[in-house]
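Here's the structure we're looking at; comments come further down.
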Amino acid sequence: MPKIVDAEARRAEIVEAVFRIIAVDGLERASLREVADEAGLAVGSVRHYFAGSDELLRFSFAAVVDRILARLTAGLPAMLESEPRSESRREAVLTLLGEFLPLDEDRAVDACVWMAFKNAARIRPVLAAEADRSHREVAAVVGQVITALVRGDGEDQDRLTVEAERLLATLDGLCMHALLQPEWMTAQMCRDVLDRHVWSLAG
């Protein structure tokens, strides 16, 4: 009797192959043939689940965005349930935002893949919608962080918006530097910089 293949599990295996290729050799190498070889499948098997490269890359981009967002949103309850302006809130914020940064191998792969897709979206229209979604949803989480940290002293909406953009820029910068200069921007350095930024927000 032929073995039944779980389609969702097989798509996940193919996406993981895409991630491994991007993390080592960059997005340009993630062709259907290369992905099939990395996943140990025939090209026809990959085409059974994805009509072509565009569909595969869109799906893979969405997968890494969802993975990062799942980690971020999982940290929201601890932040929101902690006492305002307390040390526990600050720690909860640092833990939550740390899920965005390449602080270990798994998060480094996700960060590398996410940044590669975001950069490619500038010149590949097929990725533009997912790039926009990723920015909006990450920005929404960061907006909740800013509100939890600085709301209460009469700040206006413009101030909150500026602080959210400043935090987003800090996260993007830390992520990029940690990937490009890991010998300098270590996990501990990322935490120290982020801690100082959060401390400045929390007062």
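What follows draws every value from the coordinates through simple rules; no lab data is involved. Fair warning: this is a prediction, and the values are worked out from it, not measured in the lab. Because the Cβ atoms are built from the backbone with ideal geometry, glycine has one as well, and the counts that use them run over all protein chains shown.
Among Leu167, Leu94, Leu80, determine the one that fluctuates most according to a GNM of the chain built with springs between C-alpha atoms less than 10 Å apart.
Highest fluctuation among the options: Leu80.
Projecting each Cα onto the charge dipole of the chain (Lys/Arg +1, Asp/Glu -1 at the beta carbon, about the Cα centre), which of Trp184, Leu201, Ala63 comes out farthest on the positive side?
Farthest towards the positive pole: Ala63.
Under 5 Å between amide H atoms, partner at least 5 residues away or on a different chain: which partners does Leu103 have, H built in plane at 1.01 Å?
Ala108
Pop out the ³J(HN,Hα) list for the range 124-133 in order, Karplus 6.51 cos²θ - 1.76 cosθ + 1.60 with θ = phi - 60°, rounded to Hz; leave Gly and Pro as x.
Here the 3J(HN,Hα) series is 10, x, 5, 9, 5, 5, 5, 4, 5, 4 Hz.
Quote the charge dipole size of the range 136-203 about the Cα centre in Debye, to the nearest 20; the model charges only the Cβ of Lys and Arg (+1) and of Asp and Glu (-1).
I would put it at about 120 debye.
Tell me which label goes with the value of Cα extents along the principal axes in Å computed from the coordinates here: [x] 82, 52, 38; [y] 65, 36, 32; [z] 57, 45, 41.
Only one option fits the structure, namely [y].
Would you order Arg85, Arg67 from fewest to most other beta-carbon atoms within 10 Å of each residue's own beta-carbon?
Ascending number of Cβ neighbours within 10 Å: Arg85, Arg67.
Please arrange Trp199, Trp184 by counting, for each residue, the other beta carbons lying within 10 Å of its beta carbon, fewest first.
Trp184, Trp199
Say we join alpha carbon atoms closer than 10 Å with springs in a Gaussian network model of the chain; which of Ile21, Ile146, Ile123 then has the biggest fluctuation?
Its mean-square fluctuation being the largest, the pick is Ile123.
Rounded to whole Hz and in sequence order, give me ³J(HN,Hα) for the range 163-170 from the Karplus expression 6.51 cos²θ - 1.76 cosθ + 1.60, θ = phi - 60°, writing x for Gly and Pro.
For the range 163-170, the Karplus-derived couplings read 5, 5, 5, 5, 5, 4, 5, 5 Hz, x marking Gly and Pro.
Please give the length that would be gained between Glu13 and Ala202 if that part of the chain were fully extended, namely 0.36 nm times their separation in residues minus their C-alpha to C-alpha distance (nm, one decimal).
63.9 nm
Check each of the trypsin sites (Lys or Arg not before Pro) in the range 97-149 and keep only those in coil by DSSP with at most 13 other C-beta atoms within 10 angstrom; list them in order.
Of the trypsin sites (Lys or Arg not before Pro), the ones in loops of the range 97-149 whose Cβ has at most 13 other Cβ atoms within 10 Å are Arg122.
About its Cα centre, how strong a charge dipole does the range 58-202 have in debye, to the nearest 20, once Lys and Arg get +1 and Asp and Glu get -1 at the Cβ?
In debye, rounded to 20, the range 58-202 gives about 420.
So how much slack lies between Glu105 and Arg122, counting 0.36 nm per residue of separation and subtracting their Cα-Cα distance, in nm?
So the extension gain works out to 3.5 nm.
Please give the calculated 222 nm ellipticity per residue for the chain, where each DSSP H segment of at least 4 residues contributes -39500 (n - 2.57) and the sum is spread over every residue; nearest 500 deg cm²/dmol?
The per-residue figure over the chain is -25000 deg cm²/dmol.
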